[in-house]
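Below you will find the structure I want to go over with you.
Every number here is computed from the coordinates shown, using simple stated rules; none is lab data. Since we're looking at a predicted model, the values are computed, not measured. Cβ: placed from backbone, ideal geometry, glycine included. Neighbour counts: every protein chain shown.
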Amino acid sequence: PYDVLVLGGGPAGAAAAIYAARKGIRTALVAERFGGQVMDTVGIENFISVPYTEGPKLSASLEQHVKEYGVDIITGQRAADLKRAQMIELELSGGATLSSKSVILATGARWRELGVPGEAEYKTRGVAYCPHCDGPFFKGKAVAVIGGGNSGIEAAIDLAGIVKHVTVLEFADTLRADEVLVRKARSMPNIDIITNAQTTEILGDGNKVNGLQYSNRISGESHKLELAGVFVQIGLVPNTEFLKDSGLEMNRMGEIVINERGATSIPGVFAAGDATTVPYKQIVISMGAGATAALGAFDYLIRSSIP
Ligand code: FAD
């Protein structure tokens, strides 16, 4: 069995594996795809101490750094279930089971997508999901935010300080965000809020986004907006579906509940990054959380009675 089995090869998993391996304990990393969401990112400008990098380049460095240690790396494998017996057993969808004294879950999350024409085509070419990451690329331009919940209204307020104009499109007849955020957004001169708006298509010139089409759900009328960017803010879904029968405590959104050491409700099971209840989902934050979970797991192992 392993001492530490890390599930996930994004920033959280890579950091956890490096911190664990540096303690000289038997470490493995299992991931469907090394790099995680970073592989889907073009420009990264907030990875501190690196003014600019690109997703595939950062992913390659993560992998190279992990490979400098004696970590068993198993990619192309999905976890299907987790059980706690004497060891922690991680079942893979191919049928194999791996045992470990401790496990660090770092399976990340995925943005909920709109599913309209143009969205997939213009992803990273005007269709964005992370205002902290991509807001500055739209400086001085007009953008839309799809979704009027807390994340959508926060994104609109954040973006309004950078871009020229923000249009918020909400499907329902009212905004679901907290009143204080709605009041703040309404007070900003360069934010327009449109309710009952169903986004039907993201438009582009073949190279990048130049607008979107929405219909008014009451009148049925169709409208077109000219824009350079569309921020989709309709939720982040944690990759934790495979844990549903594990008994692990998760919140209403399916995020793994952790404490300040990265420990979960199951002894020996730790978690880090976007799959957890951490309030901010970012690369540097995930890396710090991965390091925390590995140190938490090491503390657990030196106190545990498992030989
Ligand atoms: P992830 O990166 O999601 O990695 C999850 C890992 O788990 C992957 O290896 C995946 O294959 C694996 N996995 C998932 N489920 C399973 C399973 N069942 N079995 C096996 N393996 C599994 N953040 C910034 O700080 N700056 C940015 O500029 C930035 N831009 C972004 C742009 C885009 C388009 C996106 C989508 C995100 C961006 N982010 C950015 C957010 C950042 O990428 C995430 O916060 C970060 O990647 C989270 O790291 P993680 O390790 O927790 O999870």
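Is the shape of segment 139-216 best called rounded, prolate or oblate, per the rule: a/c under 1.5 gives rounded, else a/b larger than b/c gives prolate, else oblate, with a ≥ b ≥ c the square roots of the Cα gyration tensor eigenvalues?
It is oblate, given that a/c is not under 1.5 and a/b is not larger than b/c.
Another one. Report, in deg cm²/dmol and to the nearest 500, the calculated mean residue ellipticity at 222 nm for the chain, where each DSSP H run with n ≥ 4 adds -39500 (n - 2.57) and the sum is divided by the residue count.
Calculated from helices alone, the mean residue ellipticity at 222 nm is -7000 deg cm²/dmol.
May I pose another question? Could you list V30, V230 so that the one with the fewest beta carbons within 10 Å of its beta carbon is first and the one with the most is last?
Ranking V30, V230 by Cβ neighbours within 10 Å, fewest first, gives V30, V230.
Same structure again: Would you mind checking the radius of gyration and Dmax of segment 172-236 based on alpha-carbon positions, in Å?
That works out to 13.4, 39 Å for Rg and Dmax.
Using square roots of five times the C-alpha gyration tensor eigenvalues, list the equivalent-ellipsoid semi-axes of segment 208-268 in whole Å, biggest first.
Output for segment 208-268: semi-axes of 42, 15, 9 Å.
In the neighborhood of A228, defined by Cβ-to-Cβ distances under 12 Å, what is the net charge if each Lys or Arg adds +1 and each Asp or Glu adds -1?
After counting each charged neighbour, the total is +2.
If you don't mind, there's one more thing I want to ask. Along Cα→Cβ, 7 Å out, is where each label goes; now give me the distance between the ones at Q86 and R125 in nm to one decimal.
Here the modelled spin labels are 5.7 nm apart.
Just rank S215, S100, S222, fewest to most, by other beta-carbon atoms within 10 angstrom.
With the sparsest Cβ surroundings first, the list reads S222, S215, S100.
Now, a different point. Apply 1/(1 + (r/R0)^6) to the Cβ-Cβ distance of K164 and S265, taking R0 = 45 Å, and write down the FRET efficiency to the nearest 0.05.
0.45
Gain in length, V50 to N190, computed as 0.36 nm per residue apart minus the alpha-carbon separation, to one decimal in nm?
Fully extending the segment from V50 to N190 adds 47.2 nm.
Quick one: Kirkwood hydrodynamic radius for segment 159-199, alpha-carbon pairs, angstrom, one decimal?
In segment 159-199 this quantity evaluates to 10.7 Å.
Over segment 151-307, what is the mean sequence separation of C-alpha contacts under 8 Å (at least six apart), divided by residue count, expressed as relative contact order in percent?
Result for segment 151-307 is 13 percent.
Ranking request for peptides 111-118, 244-251: highest mean number of other beta-carbon atoms within 10 Å first, then the rest in descending order.
Highest-to-lowest ranking by the protection proxy: 111-118, 244-251.
A follow-up question, please. If you find the alpha carbon centre of segment 179-258 and of segment 118-161, how far apart are they in angstrom?
Their Cα centres are 9 Å away from one another.
Okay, next question. Measure up K67/K139; K67/K141; K164/K208; K123/K224; K67/K281; K57/K184 against 30 Å on the Cα-Cα distance and list the ones that go over.
K67/K139; K67/K141; K57/K184
Using only the alpha carbons of segment 154-307, what is the convex hull's orientation-averaged projected area in square nanometres?
13.3
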